[in-house]
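First the structure, in the form of structure tokens, and then the observations on it.
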């Protein structure tokens, strides 16, 4: 069995490749990289892995011939002036490349996001909505894994919690409000399981499910995890609703800053995507927030 991961550079792509290489079997993995210098050293030289040059933004560079299954991801589009349009175009390129592979691809798995079912009102999550729409019927079997908030998003807080006056910023307010979170490791494991099941009947097509961690977490939970790992008090600085525009403007240029504001409001109390907390079809990973943060703090 031959599996293609495209693009392979994002953390979820790396986690999928890692999980596939750790899985028993004779399957081989092809990672598609825009820049071959980005291939992790842990993958180089593995007998069941090869890296090829390709770019989801350029359909002419994509060749899935011989692939039995494909894992695909929308790469970060934070510097794009029209990220939603670009997400749709990239997904369409993947679909075209699958169709050009002479019916070899049996299953396509897309790493999506909770809230991707909404066409409006979810900001940056709309990139996943557009990609899903473009990928419907891309292969005989299509799976959309709608992932919860990445635990690894808190990696940016590690620097500030290690200062003499430890603190971190959080947009999850109020501080006891819980949202589902999932680790990239669990996402990779789930993608691997789904592509390795290519050829098995799906109860729905596309088959869509939400992927959460073992439980939901709040800012207060995160604060306690940091304090437990560091052995000292850590301050949680909540970013309130009226501060969101300024907060994201420090990290992103328009229109992405506004998209992150809308996305954040969509999953907070009163938001359009609050129902993502209780998806009708939810699978759960096994990595806890404490375990994920522990790796970031010691790493």
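Just wondering, is there one or more residues in the stretch 213-232 that are closer than 30 Å to residue 2 by Cα and at pLDDT 95 or above? Checked against the condition, which is being closer than 30 Å to residue 2 by Cα and at pLDDT 95 or above, the stretch 213-232 yields at least one hit. Residues in the stretch 238-251 that are surrounded by 12 or more Cβ atoms within 10 Å (Cβ to Cβ) and in contact (Cβ under 8 Å) with a residue 40 or more places away in the chain: 238, 239, 241, 244, 247. Taken over the stretch 252-277, the criterion of being loosely packed, with under 14 Cβ neighbours inside 10 Å and either within 19 Å of the chain's Cα centre (by Cα) or under 20 Å from residue 187 (Cβ atoms) (or both) is satisfied by no residue.
Among the conditions (1) closer than 22 Å to residue 284 by Cα; (2) in a loop (DSSP other than H, G, I, E, B); (3) modelled with pLDDT of 95 or more, the only one that residue 175 does not satisfy is (1). Of the residues making up the stretch 30-44, those that are in a helix (DSSP H, G or I) and more than 20 Å from the chain's Cα centre (by Cα) number 2.
Scanning the stretch 118-133 for residues being over 14 Å from the mean Cα position of the chain (by Cα) and buried (at least 19 other Cβ atoms within 10 Å of the Cβ) gives a total of 3. Scanning the stretch 137-151 for residues that are surrounded by fewer than 24 Cβ atoms within 10 Å (Cβ to Cβ) and farther than 18 Å from residue 210 by Cβ returns 137, 138, 140, 141.
Scanning the stretch 216-229 for residues that are surrounded by fewer than 17 Cβ atoms within 10 Å (Cβ to Cβ) and in contact (Cβ under 8 Å) with a residue 24 or more places away in the chain yields a count of 2. Within the stretch 54-79, track down each residue that is over 30 Å from residue 249 (Cβ atoms), part of a strand (DSSP E or B) and touching a residue at least 60 places away in the same chain (Cβ under 8 Å). Matches in the stretch 54-79: 69, 70, 71, 72.
When residue 283 is tested against the conditions (1) more than 25 Å from residue 87 (Cα to Cα); (2) in contact with a strand residue (DSSP E or B) (Cβ under 6 Å, 6 or more places away or on another chain); (3) in a helix (DSSP H, G or I), the lone failure is (3). The residues of the stretch 91-125 that are assigned to a loop (DSSP other than H, G, I, E, B) and within 30 Å of residue 266 (Cα to Cα), listed by number, are 114, 115, 116, 117, 118, 119, 120, 121, 122.
Residue 158 meets the conditions (1) in a helix (DSSP H, G or I); (2) under 21 Å from residue 16 (Cα atoms) in every case but one. The failed one is (2). Scanning the stretch 1-22 for residues that are part of a helix (DSSP H, G or I) and either touching a helix residue (DSSP H, G or I) at 6+ places or on another chain (Cβ under 7 Å) or surrounded by 21 or more Cβ atoms within 10 Å (Cβ to Cβ) (or both) returns 11, 12, 13, 15, 16, 17, 18, 19, 20.
For residue 103, the conditions (1) touching a residue at least 24 places away in the same chain (Cβ under 8 Å); (2) closer than 21 Å to residue 144 by Cα all hold with the exception of (1).
This table checks each residue for (1) in contact with a strand residue (DSSP E or B) (Cβ under 8 Å, 6 or more places away or on another chain); (2) not in a loop (DSSP other than H, G, I, E, B).
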{"site": "169", "(1), (2)": "yes, yes"}
{"site": "180", "(1), (2)": "yes, yes"}
{"site": "190", "(1), (2)": "yes, yes"}
{"site": "208", "(1), (2)": "yes, yes"}
{"site": "227", "(1), (2)": "no, yes"}
{"site": "232", "(1), (2)": "no, no"}
{"site": "237", "(1), (2)": "yes, yes"}
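The values are calculated or read from the model by the stated rules, or taken from the named source; none is laboratory data. Just so you know, these numbers come straight off a predicted model, no measurement behind them. Here Cβ is always computed from backbone atoms with ideal geometry, including for glycine, and neighbour counts include all displayed protein chains.
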